[in-house]
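One structure is given here, and the rest of the page talks about it.
The values are calculated or read from the model by the stated rules, or taken from the named source; none is laboratory data. Since this is a predicted model, take the numbers as computed values, not measurements. Cβ placement follows ideal geometry from the backbone for every residue including glycine, while neighbour counts extend to all protein chains displayed.
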């Protein structure tokens, strides 16, 4: 598998991000969905990566700089044909390494609380993320759980 920076204009990426947003709406009310659209993912404070295998999109994710010491994982999604093949772990490890290179002291994320989000929560916990209070502009929400990892 290869990780590429960018690719926000690729049709497969657009389709996967639209699927991601719709899936979030299927599990949470609109006001509790924090998935970013294409224009938000193109902001200079966000780095977007896509994972490819044999020219097929396997997944995507983004790293948002909240400040010089704190980053946020955004828009993690694995393509249906690549579920349970290590795509999310590969990409998350890549983003943790990038956060370390950037000198972040911590990396945080928001994810859902419904059963559909349990595999993601388990992966985050396996890679050292722990539950935390809301960060940045987030607020307590029964549809959201917040996690953070101290970067060494």
Which condition from (1) within 15 Å of residue 11 (Cα to Cα); (2) surrounded by 13 or more Cβ atoms within 10 Å (Cβ to Cβ); (3) at pLDDT 90 or above is the one that residue 73 breaks? (1)
Kindly list, by first and then second residue, each pair from a residue in the stretch 78-96 that is over 15 Å from residue 122 (Cα atoms) to a residue that is assigned to a loop (DSSP other than H, G, I, E, B), limited to pairs with Cβ atoms under 7 Å and residues at least 6 apart or on different chains. 96/127
I want to confirm something. Restricting to the stretch 101-130 and keeping residues that are more than 16 Å from the chain's Cα centre (by Cα) and closer than 28 Å to residue 80 by Cβ, which single residue is surrounded by the most Cβ atoms within 10 Å (Cβ to Cβ)? 114
Residue selected from the stretch 1-37 under the condition outside any helix (DSSP H, G or I), out of contact with any strand residue (DSSP E or B) (no Cβ under 8 Å at 6 or more places or on another chain) and under 21 Å from residue 139 (Cβ atoms), by the criterion modelled with the lowest pLDDT: 29
Kindly indicate whether residue 50 is crowded, with 17+ Cβ neighbours inside 10 Å, more than 14 Å from the chain's Cα centre (by Cα) and touching a residue at least 40 places away in the same chain (Cβ under 8 Å). no
Is it true that residue 57 is buried (at least 17 other Cβ atoms within 10 Å of the Cβ), under 15 Å from residue 16 (Cβ atoms) and in contact with a helix residue (DSSP H, G or I) (Cβ under 8 Å, 6 or more places away or on another chain)? yes
Could we say that residue 40 is closer than 24 Å to residue 140 by Cα, modelled with pLDDT under 90, out of contact with any helix residue (DSSP H, G or I) (no Cβ under 6 Å at 6 or more places or on another chain) and surrounded by fewer than 13 Cβ atoms within 10 Å (Cβ to Cβ) here? no
